[in-house]
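Inspection log for the structure reproduced underneath, given as structure tokens.
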Amino acid sequence: MQNTSLCYIEKDNSYLMLHRIKKVNDINKDKWIGIGGHFEEGESPEECVKREVEEETGLVLKNPRYCGIVTFVSDIYEGEYMHLFHATNFEGSVKECDEGWLEWVPIEKMNDLEHWQGDEIFLDLLQKKVPFFSLKLVYKKDQLMKAVLNGEIIEF
């Protein structure tokens, strides 16, 4: 299982989203996702998310909120523990990203974007400011088959 971080940076009721259109062999190709990436050796979740956000956007996060961990299980992709963050306090200006197009997207428009189905579950938890949570998402190919929140199966 790999470890990754993902941050939803919020400003003016919008999230800074990355439209993944530039990398080849990208499991997120053509999808809209938050900002993040893979851990480097020895990094904590907080160190990883701050580094990834600065590398991909040019923004420096101040006190991102650690919201939860999402366990991805798939029949075709490597398993993943994604450490999920939300941030409203940052410095700097958005720069061009070599992985895709960065755009501020109104929160109410998020589900209109091409994305992983399970993203809707954790984005809803972020909006509700649910205390730290554990979410397991089980996919068959690109289809969400099961979601488990804090050990309990949930409807989606």
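The values are calculated or read from the model by the stated rules, or taken from the named source; none is laboratory data. Please read all numbers here as calculations on a predicted model, not as lab measurements. FYI the Cβ positions are ideal-geometry reconstructions off the backbone, even for glycines, and counts take in every protein chain you see. Heads up: the accessible areas ignore ligands, DNA and RNA and are worked out on the full protein's heavy atoms, side chains in. Shrake-Rupley method; radii C 1.70, N 1.55, O 1.52, S 1.80 Å.
For this structure, a couple of remarks:
- Taking (1) in a loop (DSSP other than H, G, I, E, B); (2) within 20 Å of Ile107 (Cβ to Cβ); (3) of a type in the set (Ser, Thr, Tyr) in turn, Tyr15 satisfies each apart from (1).
- Filter result for the condition that a residue is of a type in the set (D, E, K, R), under 26 Å from Pro106 (Cα atoms) and without any contact (Cβ under 8 Å) to a residue 12 or more places away in the chain, over Lys29, Lys50, Lys22: Lys29
- Boolean, Val53 is out of contact with any helix residue (DSSP H, G or I) (no Cβ under 8 Å at 6 or more places or on another chain), surrounded by 16 or more Cβ atoms within 10 Å (Cβ to Cβ) and either modelled with pLDDT of 95 or more or among the small types (Gly, Ala, Ser) (or both): yes
- Just one residue in the set Tyr81, Tyr8, Tyr77, Tyr66 is in contact (Cβ under 8 Å) with a residue 60 or more places away in the chain and open to solvent by less than 10 Å² (accessible area, probe 1.4 Å); that residue is Tyr8.
- Residues of region 29-50 satisfying the condition of being at pLDDT 95 or above and open to solvent by 40 Å² or more (accessible area, probe 1.4 Å): His38, Phe39, Glu40, Glu41, Gly42, Glu46, Glu47, Lys50
- Condition check for Trp116: hydrophobic (A, V, I, L, M, F, W, C), at pLDDT below 95 and within 21 Å of Glu52 (Cβ to Cβ): yes
- Top-ranked residue of region 71-100 - restricted to ones that are farther than 15 Å from Ile35 by Cα and hydrophobic (A, V, I, L, M, F, W, C), ranked as nearest to the chain's Cα centre (by Cα): Phe72
- Strands (runs of 3 or more DSSP E) wholly inside region 94-156 that include at least 1 residues being open to solvent by less than 20 Å² (accessible area, probe 1.4 Å) and touching a residue at least 24 places away in the same chain (Cβ under 8 Å): 101-106, 133-140, 143-149
- Test: residue in region 24-33 that is assigned to a loop (DSSP other than H, G, I, E, B) and either of a type in the set (A, V, I, L, M, F, W, C) or in contact with a helix residue (DSSP H, G or I) (Cβ under 6 Å, 6 or more places away or on another chain) (or both): yes
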